[in-house]
Each structure stands twice: as C-alpha cells, then as structure tokens.
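The values are calculated or read from the model by the stated rules, or taken from the named source; none is laboratory data. Since the structure is predicted, the reported quantities are computational estimates derived from the model, not experimental observations. As a convention, Cβ positions derive from the backbone with ideal geometry for all residues, glycine included, and neighbour counts pool all protein chains shown. Heavy atoms of the whole protein, side chains included, go into the accessibility calculation; ligands, DNA and RNA do not. Shrake-Rupley method; radii C 1.70, N 1.55, O 1.52, S 1.80 Å.
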Amino acid sequence: GAGVSQSPSNKVTEKGKDVELRCDPISGHTALYWYRQRLGQGLEFLIYFQGNSAPDKSGLPSDRFSAERTGESVSTLTIQRTQQEDSAVYLCASSLELASGELFFGEGSRLTVL
Amino acid sequence: KQEVTQIPAALSVPEGENLVLNCSFTDSAIYNLQWFRQDPGKGLTSLLLIQSSQREQTSGRLNASLDKSSGRSTLYIAASQPGDSATYLCAVDSGANSKLTFGKGITLSVRP
C-alpha cells in the first residue's frame, strides 16, 4: 500500500478483555516495528520483526503482550487481560530493511481501557 | 542505557522567526539520529535522518546537525510558519536495528 495502515484507529475496551491491533506495512518492507506512546511519555519500543521473526522481544511490557507477523506482511499485536495502564497509542512502523534508516509510521491505534 | 532529552517541552514563537530545537543523548555510540514531526492525533513523519558519519542534513527550511562527541543534535527551522506548529521528536538508533530511543518531544506553536 501507499503507507503504513493500522486498525482500529480507536478502541475502547473494558479492563480484563483481550484486544488485537493490526498493522499493514508498506509493501516490500521487510522490517516492522511496534512502539507505544503513553500520555506525557516518550515513545517506547515494544518489538521488531525482520521478515516474520522477532529477534528482540525485550520491549514487551509483560507476558500479556504478544505479537506475530505472517507472510512478511501484516502484523498483529495482542494484549491479553487488558489493564488501565495499557491505555496508549500503539504505533507501527516499517522500513525497507533492518537498519536501512528511515522509518515510516502509521497513524496509530488509540487504546483506552476503562 | 541510552537516554534522549529534549528541552524545553514547549516553545511558542511568532511567525517568521528562525528557531533551534535541541536534542541531547547520553551514549555517543549511535548508528543514526532522526528528527520526526507529529501532528495531534497523527503518526510520525520522518523529517531528517543523519547517519553517524554525517554532520548535518538539510531539507528545505530544515537543517539538522549532529555532534556525536558531545551527544547533541539541533534542528534548525528557518522562517517559521504557522503550519510548522507540531511536536518535534528526536530519536536515536544505538544498535543499527532501528530500535529507536525517543525524546519526549518539543511542542512548537508558531503564532501568526
């Protein structure tokens, strides 16, 4: 596609529910990244994919968070048993190759946990 | 652990003014540094990318400089316009894998 696409753009959920956030990277981009932006905080790295594999999961905040990528394309970030502190904007980015430099970001998925 | 600081958190200037946004980082062993722009409710747009071997990059009215040894970068905006109003984020790649460390950003308001 023309840019990085994320869905849903907004999600309101109740504490304890599971949520799935989707990212469609730019076609042909082999590297994909998830970041989180909480109110008043800087962006936090969560996880990156090189192809379909995730060499570094160190940024995931807890074992309630998981992510996968298939077909070297779409990625899904899943948050199980959501907590209020999970409320944030979740941003996805892609780049042509790992360490190619320029990242292209989607507009994010705003998650609100009540 | 790399830390990126942007001060001040907010800046308001009259239209037409030239301005400098500052970014500092604690570990000088970086792969590259990027400046992004974020409009309210939107994602990030990459403005300039400076590789560790470079001193500066220019795009239109924007110029970014990098001084690795002192752990500093500046984003210079010439002849500011109201459309430049946004949050400007500095981010450092320390591991050559685009696992970026971001500053909290500077929210710029350019008054007509």
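Some points to look at:
- Of all residues in the stretch B:91-112, those being facing another protein chain (nearest Cβ under 7 Å), surrounded by 20 or more Cβ atoms within 10 Å (Cβ to Cβ) and among the charged types (D, E, K, R) number 1.
- Residues in the stretch A:70-83 that are more than 16 Å from residue A:109 (Cβ to Cβ) and out of contact with any Lys or Arg (no Cβ under 8 Å at 6 or more places or on another chain) were compared, and the one that is least open to solvent (accessible area, probe 1.4 Å) is A:73.
- Within the stretch A:84-98, the residues that satisfy the criterion of being within 10 Å of another protein chain (Cβ to nearest Cβ), open to solvent by 10 Å² or more (accessible area, probe 1.4 Å) and farther than 17 Å from residue A:43 by Cα are A:97, A:98.
- Of residues in the stretch B:1-51 being small (Gly, Ala, Ser) and within 11 Å of chain A (Cβ to nearest Cβ), the one farthest from residue B:71 (Cα to Cα): B:41
- Scanning the stretch B:52-90 for residues that are more than 14 Å from chain A (Cβ to nearest Cβ) and either within 30 Å of residue A:90 (Cβ to Cβ) or open to solvent by 30 Å² or more (accessible area, probe 1.4 Å) (or both) yields a count of 25.
- Conditions (1) open to solvent by 20 Å² or more (accessible area, probe 1.4 Å); (2) at the interface with another protein chain (Cβ under 9 Å from one of its Cβ atoms); number of the one not met by residue A:101: (1)
- Restricted to the stretch B:19-46, and to residues there that are in contact (Cβ under 8 Å) with a residue 12 or more places away in the chain, open to solvent by 40 Å² or more (accessible area, probe 1.4 Å) and under 15 Å from the mean Cα position of the chain (by Cα), the residue that is nearest to residue B:82 (Cα to Cα) is B:39.
- Checking each residue in the stretch A:84-114 for being assigned to a helix (DSSP H, G or I) and closer than 13 Å to residue A:33 by Cβ picks out no residue at all.
- Residue A:20 meets all of the listed conditions (1) within 29 Å of residue B:107 (Cα to Cα); (2) touching a strand residue (DSSP E or B) at 6+ places or on another chain (Cβ under 6 Å) but one, namely (1).
- Those residues of the stretch A:55-83 which are of a type in the set (D, E, K, R) and within 10 Å of chain B (Cβ to nearest Cβ), in sequence order: A:56
- Of the strands (runs of 3 or more DSSP E) lying entirely inside the stretch A:1-77, the ones with 2 or more residues being free of Cβ contacts under 8 Å to residues at least 12 places away in the same chain and closer than 21 Å to residue B:101 by Cα are found at A:53-56.
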